[in-house]
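Shown below is the structure under consideration.
Taken together, the values in this text are just the output of simple stated rules run on the coordinates, not laboratory data. Everything quoted here is computed from the prediction, not taken from an experiment. Using ideal geometry, Cβ is built from the backbone for each residue, glycine included, and neighbour counts are taken over all protein chains shown.
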Amino acid sequence: MKKILTLGFLLLGLEQLSAQTLPFYSPDVLCNNPDFTKDAKALCETYFNVQRYELSKTWDLYDTNKRLRCISDRNIKDYTALKDCLER
């Protein structure tokens with residue numbers, strides 16, 4: 001059982017490094033503004049999810065090194081900033 005778990009973790013780690021999946025950012029960073037109404041927060045979260053979806057369609061077209069550099073940047077906290085980084 002231990003060998004299976006170890007192999008599973010290795011495979012997951014290798015897949016993540018080689019595939020460079022689109023990272024997950026929480027909409028809370030942008031959408032948990034105390035001044036937002038319930039509707040404004042819902043609209044913000046929808047926009048956030050649309051941005052993720054749109055970037056996911058072109059994610060594999062960006063250069064691997066550029067993707068790695070951008071997802072490693074701790075200042076990037078949303079998909080708009082990530083896309084801006086990728087397009088620089």
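I'd like to compare 73-83, 27-37: which one has the highest average count of other Cβ atoms within 10 Å, and what's the full order after that? Each step should come with its number before you reach the end.
Working: 73-83: 15.4, 27-37: 12.0.
Those peptides, ordered most packed to least, come out 73-83, 27-37.
For the pair Leu68 and Thr46, what calculated FRET efficiency results from E = 1/(1 + (r/R0)^6), where r is the Cβ-Cβ distance and R0 = 41 Å, to the nearest 0.05?
Values: r = 29 Å, r/R0 = 0.71.
With R0 = 41 Å, the Cβ-Cβ based efficiency is 0.90.
Which is farthest toward the positive dipole end of segment 23-86 among Tyr25, Leu68, Leu86, measuring Cα position about the Cα centre, with Cβ charges +1 (Lys, Arg) and -1 (Asp, Glu)?
Checking the options against the dipole of segment 23-86, the answer is Leu68.
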